[in-house]
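What follows is a single structure, written as structure tokens, with notes after it.
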């Protein structure tokens, strides 16, 4: 249940009143409740609720045109998917990755005995900078993990060049990039031996909780299929170590019901993004992080960068004002992983400078969007932002 509105800062500014109930980042999309219930009912009737059931297989097949990969394996969540993908690609030792990402990316590597090594990101896209990665390569480097942030695709060609030069595998964390693709023919979120998508409840397409490993390599796919099912192969012989990372039928049902409506949801997200772009165009110091050229975009996140010298207030103050108006934002991603306790105590995690990461962690803010947000909501949020800058 949404919380009732408390008196907000803008009451003192003479600005726009806040929302009567919370409006927040990451409210789950449920585009087809009846369809989900229909599919779950089928699963219950057939008494096949897990263990690679027909709904999981159907969801994998429906995902293939979106990933543009030859092989797709659904999992119980994206964290286990990422761990399995990295293991299946043979990565050992140190993994170069961005600090500017959700900490799950770093934890997933650490949890399976790999060492995250952080490189800097591009100031326009927030994605891993190949030039910084090249500087971080050492004899201990075992792989590179690119992360597509907010639906912005990495410089996949640049990272591929660095990976080839270093002789190490390249994998992509595409958790926030389902439905994104280069405009030229190619994989949806680009290159690499494998990539991983997330279907967590907060993502544009959700399975309540779920993930997907996508690859064009039959060899990697075979290892992924085995690893995500206790190490069994298709003949049910144990061929290596594995875990239980299988998606269940209820999660697959939610995924099927959602993916059948994905194009309609993408239209809603794009319309809201354009509404924000129009509403914030004249607000000084508040810059909407634009989608990169050369790719389609899911607009799953609406992210602004706050320039305190121009706006007259910092990101944190702006977030507090919005919160007082029951507009719940997210500081994606603050602090950077290299500032978090598991990694900040060892300088080995940060062999190169991270000035862009430091800047973005202090300035970016994600605003509410999705099926629970209306165009009128966006207009009011933009009004609050404008009033905060005007009076802030």
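General remarks:
- Residue satisfying all of: in the range 156-168; in contact with a strand residue (DSSP E or B) (Cβ under 8 Å, 6 or more places away or on another chain) and under 22 Å from residue 179 (Cα atoms); surrounded by the fewest Cβ atoms within 10 Å (Cβ to Cβ) among these: 160
- Residues that are under 20 Å from residue 150 (Cα atoms) and without any contact (Cβ under 8 Å) to a residue 12 or more places away in the chain were ranked within the range 237-276; the one that is surrounded by the most Cβ atoms within 10 Å (Cβ to Cβ) is 274.
- Pick from the range 352-361, criterion in contact with a strand residue (DSSP E or B) (Cβ under 9 Å, 6 or more places away or on another chain) and buried (at least 21 other Cβ atoms within 10 Å of the Cβ), ranking: farthest from residue 98 (Cα to Cα): 360
- Selected residue (criterion: nearest to residue 267 (Cα to Cα)) from residues of the range 283-307 that are touching a helix residue (DSSP H, G or I) at 6+ places or on another chain (Cβ under 9 Å) and without any contact (Cβ under 8 Å) to a residue 24 or more places away in the chain: 288
- Subset of the range 332-351 (residues that are assigned to a loop (DSSP other than H, G, I, E, B) and in contact with a strand residue (DSSP E or B) (Cβ under 6 Å, 6 or more places away or on another chain)): 332, 350
- One residue from 209, 234 being part of a loop (DSSP other than H, G, I, E, B), without any contact (Cβ under 8 Å) to a residue 12 or more places away in the chain and touching a helix residue (DSSP H, G or I) at 6+ places or on another chain (Cβ under 9 Å): 234
- Qualifying residue in the range 366-377 (condition: under 22 Å from residue 129 (Cβ atoms) and either buried (at least 16 other Cβ atoms within 10 Å of the Cβ) or in the same structural domain as residue 21 (by TED's automatic domain parsing) (or both)): yes
- Residue within the range 297-316 that is in contact with a strand residue (DSSP E or B) (Cβ under 8 Å, 6 or more places away or on another chain) and at positive phi present: no
- Per the listing 108, 119, the residue uniquely surrounded by 19 or more Cβ atoms within 10 Å (Cβ to Cβ) and out of contact with any strand residue (DSSP E or B) (no Cβ under 8 Å at 6 or more places or on another chain) is 108.
- Against the numbered list (1) farther than 19 Å from residue 112 by Cα; (2) assigned to a strand (DSSP E or B); (3) without any contact (Cβ under 8 Å) to a residue 40 or more places away in the chain, residue 164 comes up short only at (2).
- In this structure, residue 68 does satisfy being surrounded by fewer than 21 Cβ atoms within 10 Å (Cβ to Cβ) and on the phi > 0 side of the Ramachandran plot.
- The conditions of being in a helix (DSSP H, G or I) and within 19 Å of residue 299 (Cβ to Cβ) are met by residue 376.
- Extreme residue, nearest to the chain's Cα centre (by Cα), among residues of the range 289-315 that are in a loop (DSSP other than H, G, I, E, B) and within 20 Å of residue 356 (Cβ to Cβ): 301
- Looking only at the range 170-196, and only at residues there that are out of contact with any helix residue (DSSP H, G or I) (no Cβ under 7 Å at 6 or more places or on another chain) and modelled with pLDDT of 95 or more, the one that is nearest to residue 131 (Cα to Cα): 172
The values are calculated or read from the model by the stated rules, or taken from the named source; none is laboratory data. All figures in this text were calculated on a predicted structure; none of them were measured in a lab. Here Cβ is always computed from backbone atoms with ideal geometry, including for glycine, and neighbour counts include all displayed protein chains.
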